[in-house]
Amino acid sequence: MVTVAAEKKKASLIIIGGGVVACATAYNLAKKGMNDIIVLEKKEIGNGGSCRNAGGVRQSARDVRELPLAMYAVSNIWPTLSDELDVDVEYVQRGNLRLGKTEAHIKTLTGITKKSTDAGLDVKMITGDEAREICPYMSDEVIGASWCPTDGHANPLHTTLGFYRKALQAGVTFISGVKVNGIRKYRGRARFVDTDDGVYEGDNILLCAGWESRAIADTVGIELPIIREFSECMVTEMEPDMFPVMLGTAESDFYGGQTKHGSFVMGGMCGMEPYVSEKDRFITNSVTAPCLSRGIIKYFPVLKDVKIIRTWSGWYDVCKDKVPIIDNISEVPGLTIAAGFCGHGFGISPATGLAVSELILDGESHTIDISGLKYDRFRAKA
Amino acid sequence: MTKIVRTAATEPFKPMPDDDMIVCRCEEITKGEIRKAVYDGMSTTNEVKRWLRCGMGLCQGQTCQKNVQSIISRELGLKIPDIGQITGRSPVRPVVMEVFANDVLDVHEEA
Amino acid sequence: MKRHEVLVIGAGPAGLSAAIEAAKNGMDVAVFDENARPGGQLFKQIHKFFGSKEHHAKERGFNIGKDLLKEARDLGVKVYLDATVMGIYYDKEILVNHNGEVDHFKGDTIVIATGAAENMVSFKGWDKPGVIGAGAAQALMNLQGVQPGEKILMVGSGNVGLVVSFQLLQAGCQVAAVIDAAPRVGGYGVHASKVARTGVPFYMKHTVVEALGEDKVEGAVIAEVDDHFQPIPGTEKTLDVDTICIAVGLSPMSQLADNAGCEMKFLPKKGGNVPVVNEYNETSMDGIFCCGDVAGIEEASSAMLQGKIAGSTASYKNGYIDEDEWQQSVEKYRASLEQLRTGMFAPQNKGRTDMTETDEGIPLSKSLLAKGYVTDEELAEFPACSTKVSGVHPVIECTQNIPCDPCQDACKFGCIKVGSNISKLPVINPEATCTGCGMCIASCSGQAIFLVNEDYEDGFATVALPYEFLPLPQAGDKGKALDRSGKPVCDAEIVSVKSSKVMDMTNILTMKVPVEYAGTARFYRA
Amino acid sequence: MRIAQHPILGTYEKGQKVHFTLDGQDMVGYEGESIAAALHAAGVMTHRYTAKQHKPRGIFCAIGRCTDCVMIVDGQPNVRTCITELKEGMNIQTQYGVETKEAWEAKNK
């Protein structure tokens, strides 16, 4: 419901950005009794990467520093999230195959797999035939794959908006259509949020606005090494149920899978992205959908007659070392940042919400180890 | 975007007699589902679309968008420009993947 | 990358006109259309158009389509059919799906002329087979030669609803009723009258509540609505129909403009989400133009002029014509466009329901707005409707300010005057003598002109009327004369049937009726 | 019903008579007309049953936009019959969800 009465501009916590991290954090905080929160969103709830991603819930091929978030989410949150949020988040835990067609691919995959197994994840290399047993629609060109049976996928729209709805019901205020321009300190602490809609004020501030976090953090002297990277997705018409596994390739031709609805959501890049991204709009590139289609058909010839009904694009918020920053900013007391998720933030978002809520309430994340995601970890070459 | 302040509903959801009427034909979404989504906090055309799939089917909202918008705007007391539009995206008609993949050939002029 | 200087998307009236204008000035132009047949909606339009000669008035839409297409081809415009433009990208690039192949084109100018999509109204059972859009009805009967149904309920009394109702009758279907939730008929009164006089009832302030039937439409429940468009319980009526046809307005099909990055705005008067265009139909993106319904719902005649303005502007911007030439042509087209944008139905008057009289100060017919036909008493106020003249003379039942003037050119003897403001009501020149040739009847796109002769025979008069139905009655046939509401009022005998090439399929039926019915008998039924 | 003679358009230009099947039944139509028109002329109203509510659907917009009239044509589901030309020997099937009746029934047993 929308209300326009009682202009609320002051709260215990102001959250900048209305994506899945904001919604999951607000939900976790409200569940613990802290609901005096205002979420400020420039456009719509979940408008950025939160609702533009392909829904992968993956532990395999993750950097060990963010693997604890992924493993915690898969073990403790995703399996019961539909019940918790009272909406079907369409979580399917039927594994992730990362496919290889050449010996070089297999070498790459083997290296990634070893890192994950060393960190305690159940993932292994399998042969092309074993992969075809898991997904019989795959072409003979596939000679091997990494296989993580506990990976899966979910519906990012229902997840993001499901967290939003629960947070709203628990008393959190969300304000969309308000653009944040900067943060100001008051007596040594981050306190004021300057917006196009005047000044908002919070005892604490959480900044989780994707790549746009960088410019906002800059206003209190925090330099985030985050750049934006352009990426595209496409969705097909509804098809009969064919395969539930989530897919990726060693060469990153494409990634994606079939949703519960029946449509295939596939994303990827064509190689021209750095030049496209000079422009500021969420427009697609004319060669990307053809390029992804060629990639997909090579691996899954059966999909050649499936119709694509929409393509879209979005920005990854890519952090220098390809893992996010999730931390209380000690140089600016009162400010917490969760940004730079590099295009793989959705799968860990329920755990991120929990970890950030602990950072804000307790000063540290005690349930999940996020010690590798500190904001001040970046160094120049020695 | 127009500023929209969202807080929890204070009144229970009120069903209406025609709630079971289909509005989005492709995805078979009813008026009641749309009204409930708005009640639950979905406050823009895109949010309702993402929550329910109305406008995400084969026709991409070309048939139902206006009708969905009029329900949302009536429920919220907002004007249609305030709740936004579905973005126009390529391809504007469904395209077979193999055709898409085949993007280097000439288009032949009509005979 | 393949290039043409101008890429036109949509081979309808706006797109073809833009292509013709640019090609005339020497530009290299390609037109893309997703259909197998070019012409946009023109090929479904079998009625005669309104406007002036320069707007192709009194020509039938599908013939205008043929002419435009021929002109474009003669000028060397490349027309790609079955060629769907899937998207517009940076740097004026388009991606085209053509017979199972995809190709990229770039242009210096893009003209988006994708037209409109139909609005829909949802009601219980509107998803059943048998509920169709008005465009579907037209496609089935006018392109495919198949009747959309036997008994049809038309929902919507705008021009589309009225024109399609008439076309349904021409295709041999029954129209059970025309209904509209609005309190007044939305389209031209003359379109309503030609439907009403065949006996089709109009129910204003009514909506369709439910489509009955198991697997398909087997009836429709309609009900009166209150001022908030909510059905009033107890007013329900069940109609025996097998088809419900929806004609509740159009929305600009502006997805490609949005996709291209043009600034968009939701403007109810223009029919929905439209690209913002300047006076030359150019969008916020330099070199991307939008013309016709995609830039705001109007008539096909306006779409053609907008296309010409865009084509001329593109020619100027690319150095094919100089500034003077450009300004002169734009001035000319704009003046012509302004002519069309006059009168009660002008875009600026869209949605207005407060008009009570014509520009001439004559009270508007309330009956026409409520039931689709003018009463005898109301008609008496209009200068061209007098029946108290000796000998054969025209009676022009044109009671609204519509931009249209072919009647004044049609009469070689100067009987009919409209003047330079083509939205004025026609008047009859008492000095001129009517010869009864009937050219005025055939020229009137609204089928609102009749030739009446009270002195035909002792006690009998003749009424000559436009007739576009089959079977065509023959001289000597006897039947009933119907009044403007479609009610049989007296016996009638056909005394002559006139058809000729210049009348373009409009036949003139002259029927003999008792003289007291000379002012009321307006249709013939065998 | 087909319109034999039209007061404005006269007779319709039709192609050759062609044979096709609907759910295995022999049908006739004319080359060049749309599948939907041929079915409509033969009195066929239901093109498919929807995935969720299993409700019948037929022609709605007839210009390729609404996608309500989709059927399985020569094995391909979701083919817009209103803009797809009829061809000799076409195998047309009523669509259930996105599948054939057999596949649908097997799944929903």
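To keep it simple, each residue is scored yes or no on (1) of a type in the set (Val, Ile, Thr); (2) out of contact with any Gly (no Cβ under 8 Å at 6 or more places or on another chain); (3) under 22 Å from B:Gly61 (Cα atoms); (4) modelled with pLDDT of 95 or more.
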| residue | (1), (2), (3), (4) |
| --- | --- |
| C:Tyr203 | no, yes, no, yes |
| C:Thr207 | yes, yes, no, yes |
| C:Gly219 | no, no, no, yes |
| C:Ile232 | yes, yes, no, yes |
| C:Asp240 | no, no, no, yes |
| C:Ala257 | no, no, yes, yes |
| C:Gly261 | no, yes, yes, no |
| C:Glu282 | no, yes, no, yes |
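Looking across segment A:198-218, the residues that are of a type outside the set (A, V, I, L, M, F, W, C), farther than 21 Å from A:Gly363 by Cα and surrounded by fewer than 16 Cβ atoms within 10 Å (Cβ to Cβ) come down to A:Gly198, A:Asp218. Checked against (1) farther than 22 Å from A:Thr259 by Cα; (2) within 14 Å of another protein chain (Cβ to nearest Cβ), A:Gly55 meets all criteria but (1). The residue of segment A:237-262 that is nearest to B:Glu27 (Cα to Cα), among those that are touching a Gly at 6+ places or on another chain (Cβ under 9 Å) and among the polar types (S, T, N, Q), is A:Thr259. Of everything in segment D:28-55 that is of a type outside the set (D, E, K, R) and surrounded by fewer than 19 Cβ atoms within 10 Å (Cβ to Cβ), the residue that is farthest from D:Ile92 (Cα to Cα) is D:Gln53. With a requirement of 1 or more residues that are facing chain B (nearest Cβ under 9 Å) and hydroxyl-bearing (Ser, Thr, Tyr), the strands (runs of 3 or more DSSP E) lying completely within segment C:217-275 that satisfy it span C:250-252.
Reported count of residues in segment C:39-65, each being touching a residue at least 40 places away in the same chain (Cβ under 8 Å), within 14 Å of chain D (Cβ to nearest Cβ) and assigned to a loop (DSSP other than H, G, I, E, B), is 6. Picking from residues in segment C:441-462 that are free of Cβ contacts under 8 Å to residues at least 60 places away in the same chain and farther than 25 Å from C:Ala171 by Cα, the one that is surrounded by the fewest Cβ atoms within 10 Å (Cβ to Cβ) is C:Asp458.
Restricting to segment A:358-382, name every residue that is basic (Lys, Arg) and without any contact (Cβ under 8 Å) to a residue 24 or more places away in the chain. Hits for segment A:358-382 are A:Arg379, A:Lys381.
Based on this model, can you work out whether C:Val178 counts as crowded, with 22+ Cβ neighbours inside 10 Å and in a strand (DSSP E or B)? So C:Val178 fits the description; yes. With respect to the conditions (1) in contact with a helix residue (DSSP H, G or I) (Cβ under 8 Å, 6 or more places away or on another chain); (2) of a type in the set (Gly, Ala, Ser); (3) more than 23 Å from D:Gly43 (Cβ to Cβ), C:Gly135 lacks only one, and its number is (3).
Any residue that is more than 12 Å from chain C (Cβ to nearest Cβ) and on the phi < 0 side of the Ramachandran plot - is there at least one of those in segment D:44-51? Yes, there is a match, as at least one residue in segment D:44-51 is more than 12 Å from chain C (Cβ to nearest Cβ) and on the phi < 0 side of the Ramachandran plot. Counted as qualifying within segment A:77-159 are the strands (runs of 3 or more DSSP E) with 1 or more residues that are touching a residue at least 40 places away in the same chain (Cβ under 8 Å) and crowded, with 21+ Cβ neighbours inside 10 Å, namely A:96-100, A:144-148. Please verify whether segment A:224-232 includes one or more residues that are under 18 Å from the mean Cα position of the chain (by Cα) and aromatic (Phe, Trp, Tyr). Within segment A:224-232, one or more residues are under 18 Å from the mean Cα position of the chain (by Cα) and aromatic (Phe, Trp, Tyr). Exactly one residue out of C:Val389, C:Val395, C:Val374 is more than 29 Å from C:Ile179 (Cα to Cα) and either touching a strand residue (DSSP E or B) at 6+ places or on another chain (Cβ under 9 Å) or surrounded by 21 or more Cβ atoms within 10 Å (Cβ to Cβ) (or both), and it is C:Val389. Is it the case that C:Ala139 is crowded, with 24+ Cβ neighbours inside 10 Å and either within 14 Å of chain B (Cβ to nearest Cβ) or over 25 Å from the mean Cα position of the chain (by Cα) (or both)? Here the answer is no, as C:Ala139 does not meet what is asked. Mind checking which residues of segment B:11-43 are out of contact with any Ser or Thr (no Cβ under 9 Å at 6 or more places or on another chain), crowded, with 20+ Cβ neighbours inside 10 Å and aliphatic (A, V, I, L, M)? Hits for segment B:11-43 are B:Ile29, B:Ile34, B:Ala37, B:Val38, B:Met42.
For segment B:9-32, does any single residue satisfy the condition of being in contact with an Asp or Glu (Cβ under 7 Å, 6 or more places away or on another chain) and either polar (S, T, N, Q) or within 25 Å of A:Lys43 (Cβ to Cβ) (or both)?
yes
Listed conditions (1) under 19 Å from C:Lys332 (Cβ atoms); (2) crowded, with 24+ Cβ neighbours inside 10 Å are all met by C:His56, apart from (2).
Looking across segment B:1-25, the residues that are closer than 30 Å to A:Met238 by Cβ and either at the interface with chain A (Cβ under 9 Å from one of its Cβ atoms) or not in a loop (DSSP other than H, G, I, E, B) (or both) come down to B:Ile22, B:Val23, B:Cys24. Considering only segment B:43-60, I want to know if a residue exists there that is under 25 Å from A:Val39 (Cβ atoms) and at the interface with chain C (Cβ under 7 Å from one of its Cβ atoms). No - not one qualifying residue is present in segment B:43-60.
Could you tell me whether any residue of segment C:81-98 is more than 10 Å from every other protein chain (Cβ to nearest Cβ), surrounded by 21 or more Cβ atoms within 10 Å (Cβ to Cβ) and touching a residue at least 24 places away in the same chain (Cβ under 8 Å)?
No, segment C:81-98 contains no residue that is more than 10 Å from every other protein chain (Cβ to nearest Cβ), surrounded by 21 or more Cβ atoms within 10 Å (Cβ to Cβ) and touching a residue at least 24 places away in the same chain (Cβ under 8 Å).
Is it the case that A:Ala22 is assigned by TED's automatic domain parsing to the domain that holds A:Asn204, assigned to a helix (DSSP H, G or I), more than 21 Å from A:Gly257 (Cα to Cα) and not charged (D, E, K, R)? In short, yes. Based on what the data block shows, is C:Ala432 of a type in the set (Gly, Ala, Ser), outside the structural domain of C:Gln174 (by TED's automatic domain parsing) and in contact with a Ser or Thr (Cβ under 8 Å, 6 or more places away or on another chain)? Criteria not met by C:Ala432. Across segment D:56-83, the qualifying residues are those that are surrounded by fewer than 20 Cβ atoms within 10 Å (Cβ to Cβ) and not in a strand (DSSP E or B), and the one among them that is nearest to the other protein chains (Cβ to nearest Cβ) is D:Gly75.
The values are calculated or read from the model by the stated rules, or taken from the named source; none is laboratory data. Keep in mind that this is a model prediction, so the values were computed, not measured. Reconstructed Cβ throughout: ideal geometry from the backbone, glycine too, with neighbour counts over all protein chains shown.
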